[in-house]
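Take a look at the structure below.
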Amino acid sequence: MKILITGVAGFIGFSLANNLLKHNKNVEVYGLDNFDDYYSKKIKKIRIKELNKSKKFKFLQADICNRNLLIKKLKDKKFTHIIHLAAQAGVRFSAVNPKKYVNTNIFGFINLLDAIKRYEPKKILYASSSSVYGDSKNLPSKEYHQLFPKNIYASSKKINEITANFYSKYYKLNLIGLRFFTVYGQWGRPDMFLFKLFNSFLLKKVFYLNNSGNHKRDFTYIDDVVEITKKLLFTKKNKLNHSIFNVCSNKPIKITKIINFFQNKYGDVKIKKILRNKLDVKNTHGSNEKVKKVTSFSKFTDYKSGIINSFEWYKKYKVHKIK
């Protein structure tokens, strides 16, 4: 089994590749990344160094926006499975550089599909996002609900789903969209809420609390995300040409509750409350009924255990000192 993971130097891409290499004997993993500087390149290179410890891993450096180079890099590789996670992340940055989201998330996805479609991989998984639901009042969000993207990032993910639907029908590709809900855990992104909290605590800096913490997120632990993704990758139950799944815990938690737990466990954080960013969705809450039915995965990690695991890893790797 030959698997391509794009965005392999990223949080979810690395975590998935690392797990596959350690726990699946009959796999060969190719990882593709361009080391984008949206956040620390150093962290990304540390992740790749970790993956390179396995002889079953091969790294391909390329930008999915470079159509000709991408086709050249992937030519004749004949991957059996594709996991497309490369994208320009970040809701707020989409207001600063919207063109990058269009180029990377939309055209980059098309470039990838065009590069691999002739080899007819058995399955292609791609990252969508909970942000496509927007500020929907119909919670928990289910896969068939109407979408209300409220920023360029969310819109690019909605277009990915439309694109995938077209390619599945026109080229007979088996595509699966993953609507990830606030993934967190060890090896995570330093620009995300929890790692910003950890950083402020360890460096004794002010933590700026968006919306005064009066919003909820459907936090989903990385180990659960990896297991669900692997089950969707390998399951034979799903034979649809294109299907979409929420990847979520179905247990939204108020941000203030997270902070209170952390402070009670580890100590006080200097907090300054700020107004809600207008690009942010107030509450996310996904239904995981569909993905549980297909994968039979049901044991989701408790948020307290997830936070403790994440913080202990963060301290061990001294992430707050990496620039």
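The values are calculated or read from the model by the stated rules, or taken from the named source; none is laboratory data. Keep in mind that this is a model prediction, so the values were computed, not measured. All Cβ positions, glycine included, derive from the backbone under ideal geometry; neighbour counts span all protein chains shown.
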- Query: If Lys78 satisfies every condition in (1) within 21 Å of the chain's Cα centre (by Cα); (2) loosely packed, with under 15 Cβ neighbours inside 10 Å; (3) basic (Lys, Arg) but one, which is the exception?
  - Reply: (1)
- Tell me which residues, restricted to segment 209-257, are free of Cβ contacts under 8 Å to residues at least 60 places away in the same chain and among the charged types (D, E, K, R). Lys236, Lys237, Lys251, Lys254, Lys257
- Failed item in (1) farther than 18 Å from Leu178 by Cα; (2) surrounded by 21 or more Cβ atoms within 10 Å (Cβ to Cβ), with Tyr153 passing the rest: (1)
- Note on the structure: Over segment 272-281, the set of residues basic (Lys, Arg), loosely packed, with under 12 Cβ neighbours inside 10 Å and at pLDDT below 95 is Lys278
- Failed item in (1) surrounded by fewer than 22 Cβ atoms within 10 Å (Cβ to Cβ); (2) aromatic (Phe, Trp, Tyr); (3) under 19 Å from the mean Cα position of the chain (by Cα), with Tyr133 passing the rest: (1)
- Any hit, segment 240-262, residues being at negative phi, over 20 Å from the mean Cα position of the chain (by Cα) and assigned to a loop (DSSP other than H, G, I, E, B): yes
- The helices (runs of 4 or more DSSP H) lying wholly within segment 1-106 that contain at least 2 residues that are under 30 Å from Pro149 (Cα atoms) and touching a residue at least 60 places away in the same chain (Cβ under 8 Å) are 11-23
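In the list Ser54, Ser15, Ser40, which residue meets the criterion of being at pLDDT below 95, small (Gly, Ala, Ser) and either surrounded by 14 or more Cβ atoms within 10 Å (Cβ to Cβ) or within 22 Å of Thr182 (Cα to Cα) (or both)?
Unique residue meeting the criteria: Ser40.
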- Item | Residues of segment 107-142 that turn out to be under 27 Å from Asn283 (Cβ atoms) and part of a helix (DSSP H, G or I), as a count | 4
